[in-house]
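The values are calculated or read from the model by the stated rules, or taken from the named source; none is laboratory data. Bear in mind that the values here come from a model prediction, so they are computed numbers and not experimental data. Here the Cβ is made from the backbone with ideal geometry for all residues, glycine too, and neighbour counts use every protein chain on show.
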Amino acid sequence: MKYLLSIIWLGVALQAQSFTANGSSTLPDAPSQQRFWTVENKVNVSILAGLIAADAITTQRALNQGFREGDPLMRPFVTRGAPGEAAGSAIGFGAGVGIGYLLHRTHHYKAERITMRMIVAGEGACVASNIIAIR
């Protein structure tokens, strides 16, 4: 009895694969993929680059005034002066844009937009905090 039901289900599955929509045998066009470098992403990445530069400048100024880096991941970079700060900033910038691009490639367009905006907002908060601290 099991074998008979298995053969019937297999036959139904094979028949279901032969049906096509509207009787045509051509496949529909694949949906067009959105481009990553839209005007919105160009603006977000440009703002992020400016904020990262401002963060680097204000962090170095705060370190010169005797403050200490609060981020334990960036601390080894910023204590090495301008070259270390540049390396850490480049890694942070690449990670931010890379996360946005990864979300884009996996077709999470809404999450990409939200993530990029959150990264920009977070970096803006860091710059504001640095400016308040060095005043």
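Determine which single condition Phe93 fails, assuming it passes every other condition in (1) closer than 21 Å to Ile134 by Cα; (2) in a helix (DSSP H, G or I).
Checking Phe93 against (1) closer than 21 Å to Ile134 by Cα; (2) in a helix (DSSP H, G or I), the one that fails is (1).
Could you identify the single residue in Leu102, Leu73 that is within 22 Å of Trp37 (Cα to Cα), without any contact (Cβ under 8 Å) to a residue 24 or more places away in the chain and not acidic (Asp, Glu)?
Leu102
How many residues are out of contact with any Asp or Glu (no Cβ under 7 Å at 6 or more places or on another chain) and over 18 Å from Gln60 (Cβ atoms) when one looks only at the stretch 83-112?
Result for the stretch 83-112: 16.
Can you go through Phe36, Phe19 and tell me which one is farther than 28 Å from Asn130 by Cβ, touching a helix residue (DSSP H, G or I) at 6+ places or on another chain (Cβ under 7 Å), modelled with pLDDT under 95 and not aliphatic (A, V, I, L, M)?
Criteria check complete, one pass: Phe36.
Counting only residues that are within 17 Å of Leu73 (Cβ to Cβ) and of a type outside the set (Gly, Ala, Ser), which one in the stretch 117-135 is surrounded by the most Cβ atoms within 10 Å (Cβ to Cβ)?
Filtering first and then ranking leaves Ile119.
Among all residue pairs at least 6 apart or on different chains, which show Cβ distances below 9 Å where the first residue, located in the stretch 105-116, is within 13 Å of Trp37 (Cα to Cα) and the second is among the aromatic types (Phe, Trp, Tyr) and modelled with pLDDT of 95 or more?
From the stretch 105-116, the pairs are Glu112/Tyr101.
Can you name the residue in the stretch 96-116 that is in a helix (DSSP H, G or I) and β-branched (Val, Ile, Thr) and is also surrounded by the fewest Cβ atoms within 10 Å (Cβ to Cβ) among such residues?
Here the residue is Ile114.
Would a scan of the stretch 63-73 turn up a residue that is modelled with pLDDT under 95, within 28 Å of Ala125 (Cα to Cα), of a type in the set (Gly, Ala, Ser) and surrounded by 10 or more Cβ atoms within 10 Å (Cβ to Cβ)?
Checked against the condition, which is being modelled with pLDDT under 95, within 28 Å of Ala125 (Cα to Cα), of a type in the set (Gly, Ala, Ser) and surrounded by 10 or more Cβ atoms within 10 Å (Cβ to Cβ), the stretch 63-73 yields at least one hit.
Do we find that Arg61 is out of contact with any strand residue (DSSP E or B) (no Cβ under 9 Å at 6 or more places or on another chain), of a type outside the set (Gly, Ala, Ser) and more than 30 Å from Arg113 (Cα to Cα) in this structure?
Spelling it out, Arg61 is indeed out of contact with any strand residue (DSSP E or B) (no Cβ under 9 Å at 6 or more places or on another chain), of a type outside the set (Gly, Ala, Ser) and more than 30 Å from Arg113 (Cα to Cα).
Does the stretch 74-90 hold any residues that are under 18 Å from Ile119 (Cα atoms) and either of a type in the set (Ser, Thr, Tyr) or touching a helix residue (DSSP H, G or I) at 6+ places or on another chain (Cβ under 8 Å) (or both), and which are they?
Scanning the stretch 74-90 gives Met74, Gly88, Ser89.
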